[in-house]
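Novice: One structure, pasted below without further comment.
The values are calculated or read from the model by the stated rules, or taken from the named source; none is laboratory data. Only a predicted model underlies this, so the values are computations on that prediction, with no experimental measurement involved. Quick reminder, even Gly has a Cβ in these numbers, built from the backbone with ideal geometry, and neighbours come from all protein chains shown.
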Amino acid sequence: MKKFINTGKLSLPISFAVLIIAWESLVYVLKTPDYLIPAPSAVLQALIESFPVLMRHTAVTLLEVILGFITALILSVVMSLLMVRIKVLYQILWPYMIISQTVPLYILAPLFMIWFGFGILPKVLIVVLVCFFPITVGFVQGLTSTEPELDELLQVMRATPSQILWKVRVPQAMPQFFSGLKIAAAYSVTGAVLSEWVGAQEGLGIFLTRSMKTFKTAALFADVLIIIVLSLLLFYIISHLEKKVIRRRSLL
Amino acid sequence: MELAVDIVNLCKSFTLNNKELKVLENVNLQAEAGKFISIIGPSGCGKSTLFRTIAGLEKEYTGSVIVNGNDIRQSRPYIAYMLQKDLLLPWRNVRKNIVLPLELSGKLKNTDTGFLEKMISEFGLEDFVEAYPDELSGGMRQRVALLRTWLMEGSIMLLDEPFGALDALTRKNIQDWLLEIWEKHRKTVLFITHDIEEAIYLSDEVYVMSPRPGKIIENININFGRPRRRDIVYTSLFIDYKRWLMSALQV
């Protein structure tokens with residue numbers, strides 16, 4: 001009997017190629033109209049044709065994502081550290097943070113637009129809102145999950161509260177912190193696109209609505225493709241950073 | 001002889017479900033400086049609570065605990081403390097784990113690197129300084145934890161079942177190794193163990209505690225010379241000590 005071929009790292013590209021070929025053939029055989037489901041080749045063509053326009057929109061969305069993500073990151077880190085150090089702050093703020101997550105984004109997005117106009121600000125704010133929660137939850141959980149024995153040992157060693165925070169709690173929280181960052185990275189692009197959807201001058205979200213309204217489904221798919229690539233890219237950057245910060249396998 | 005630890009009529013109780021639970025009852029223990037003293041007793045007899053009290057982690061008690069001539073209520077003592085769990089920080093390599101107590105007390109910068117290197121090689125860790133805790137065996141991790149404890153401030157070491165989680169063979173090796181190091185430095189060691197033979201082999205003095213509430217029910221001197229040799233375990237004196245301690249523990 002023949003042994004299984006060890007595909008290893010090839011399994012993903014192969015499965016992807018199979019999917020694309022199957023999709024292309026099905027569209028060709030069934031003669032599906034382009035406005036229903038465009039063939040991959042049509043999507044590629046649309047991507048090439050609209051590339052300069054798409055890139056302009058991508059730049060805007062990416063700017064919103066980066067500004068929102070970094071703002072959320074700074075806010076989350078500061079708030080987490082404050083909440084861990086000052087218990088009252090945690091008790092006051094935590095319920096509001098959960099409530100902020102229960103209001104649907106598609107209600108907040110138009111509301112933000114009414115308040116802050118059609119510019120970039122309401123979009124950045126939505127990204128901040130989307131990213132803030134997972135980063136903070138991860139970090140706070142990492143900071144507060146401790147071994148009681150280790151705490152006592154540190155007490156015997158006469159560690160000061162700030163030493164305990166910086167030398168033990170923060171490094172210990174890194175795996176959970178990065179889990180939160182990765183979730184936030186994955187959500188951030190979707191958040192930006194959704195808020196552009198409601199009303200914007202530029203951005204992948206507005207390109208999406210325009211393509212949809214004009215039945216340019218292939219262009220719509222091309223737009224989605226860029227959203228996927230952007231999200232993956234952010235996720236990859238965070239994963240790479242994580243490996244740099246946490247070199248130890250055992251921590252993951 | 002100077003007393004490193006002097007415990008007089010120590011009583012300690014916890015409140016559990018509104019009921020008072022006596023853990024330690026009139027514990028008296030006098031440890032001379034530079035001695036190796038073991039405490040054995042059944043599980044839950046309050047041995048660890050005794051250590052936690054000496055280390056300043058338990059504040060509510062009656063009686064007195066004097067460390068190096070000072071009541072610990074007045075001045076918190078410098079104590080080196082080690083538990084069965086090694087509690088090494090997984091994101092720090094061996095060297096960085098070891099120096100943690102020096103780093104926390106701000107003395108790392110003034111510490112002679114030659115001294116550090118000497119201690120590292122004395123503890124047999126020179127080939128592992130760059131390794132991370134998850135790359136080490138249980139015995140090795142305990143050595144690292146012990147060296148970290150050694151570098152904590154204070155001339156008194158409280159070792160709470162440090163070898164409890166190790167297999168028999170590793171345990172014998174690490175006992176010999178601990179004796180060798182201890183005989184060089186002669187810090188005062190209080191050592192909790194379940195293992196009667198371990199207690200006799202290592203110690204100058206063995207205290208036996210009763211089941212809860214913990215009392216000292218026996219206190220014997222172990223009259224073997226130093227440095228100790230492994231073959232004392234075959235002597236009739238060793239067997240006598242063992243029989244004596246076992247009957248005190250009622251096992």
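Novice: Taking B:L178 and the conditions (1) over 24 Å from B:I239 (Cα atoms); (2) crowded, with 19+ Cβ neighbours inside 10 Å, which numbered condition does it fall short on, given that it satisfies the others?
Specialist: Every listed condition holds for B:L178 apart from (1).
Novice: Can you name every residue in the stretch A:187-216 that is among the aliphatic types (A, V, I, L, M) and surrounded by fewer than 18 Cβ atoms within 10 Å (Cβ to Cβ)?
Specialist: Listed by number, the list holds a single entry, A:M212.
Novice: Kindly indicate the residue of the stretch B:60-82 that is surrounded by fewer than 19 Cβ atoms within 10 Å (Cβ to Cβ) and within 12 Å of chain A (Cβ to nearest Cβ) and also modelled with the lowest pLDDT among those meeting that condition.
Specialist: Taking the candidates together, the pick is B:R76.
Novice: Residues in the stretch A:145-179 that are touching a Pro at 6+ places or on another chain (Cβ under 7 Å) and more than 8 Å from every other protein chain (Cβ to nearest Cβ): how many? Steps first, answer last, please.
Specialist: Of all residues in the stretch A:145-179, those touching a Pro at 6+ places or on another chain (Cβ under 7 Å) come to A:157.
In the following step, the residues that additionally are more than 8 Å from every other protein chain (Cβ to nearest Cβ) were identified as none.
Total satisfying the criteria: 0.
Novice: Sort through A:L165, A:L143 and tell me the only one that's surrounded by fewer than 19 Cβ atoms within 10 Å (Cβ to Cβ) and not small (G, A, S). First the steps, then the outcome.
Specialist: On the way: A:L143 fails: surrounded by fewer than 19 Cβ atoms within 10 Å (Cβ to Cβ).
From the options A:L165, A:L143, the qualifying one is A:L165.
Novice: Which condition number does A:K182 fail, the rest of (1) within 14 Å of chain B (Cβ to nearest Cβ); (2) within 23 Å of A:V65 (Cβ to Cβ) being met?
Specialist: (1)
Novice: Of all helices (runs of 4 or more DSSP H) completely enclosed by the stretch B:85-148, which ones contain at least 3 residues that are more than 19 Å from the chain's Cα centre (by Cα), surrounded by fewer than 20 Cβ atoms within 10 Å (Cβ to Cβ) and away from chain A (no Cβ under 13 Å)? Lay out the reasoning, then the answer.
Specialist: On the way: elements: B:94-98, B:100-104, B:113-122.
The qualifying helices (runs of 4 or more DSSP H) are B:113-122.
Novice: Take residues that are under 15 Å from the mean Cα position of the chain (by Cα) and tell me which of the strands (runs of 3 or more DSSP E) falling wholly in the stretch B:172-251 contain 1 or more.
Specialist: In the stretch B:172-251, B:188-193, B:205-209 are the strands (runs of 3 or more DSSP E) which contain 1 or more residues that are under 15 Å from the mean Cα position of the chain (by Cα).
Novice: While we're here: Quick check: anything in the stretch B:56-63 within 13 Å of the chain's Cα centre (by Cα) and either under 22 Å from B:H194 (Cα atoms) or not hydroxyl-bearing (S, T, Y) (or both)? Reasoning before the result, please.
Specialist: Our first condition is that a residue be within 13 Å of the chain's Cα centre (by Cα); within the stretch B:56-63, this holds for none.
No, the stretch B:56-63 contains no residue that is within 13 Å of the chain's Cα centre (by Cα) and either under 22 Å from B:H194 (Cα atoms) or not hydroxyl-bearing (S, T, Y) (or both).
Novice: Conditions: (1) at pLDDT below 95; (2) buried (at least 16 other Cβ atoms within 10 Å of the Cβ). B:F36 meets all but one. Number of the miss?
Specialist: Exception for B:F36: condition (1).
Novice: Which of the following residues is closer than 21 Å to B:L83 by Cβ and either modelled with pLDDT of 95 or more or among the aliphatic types (A, V, I, L, M) (or both): B:L169, B:L237, B:L190?
Specialist: When all the criteria are applied, what remains is B:L190.
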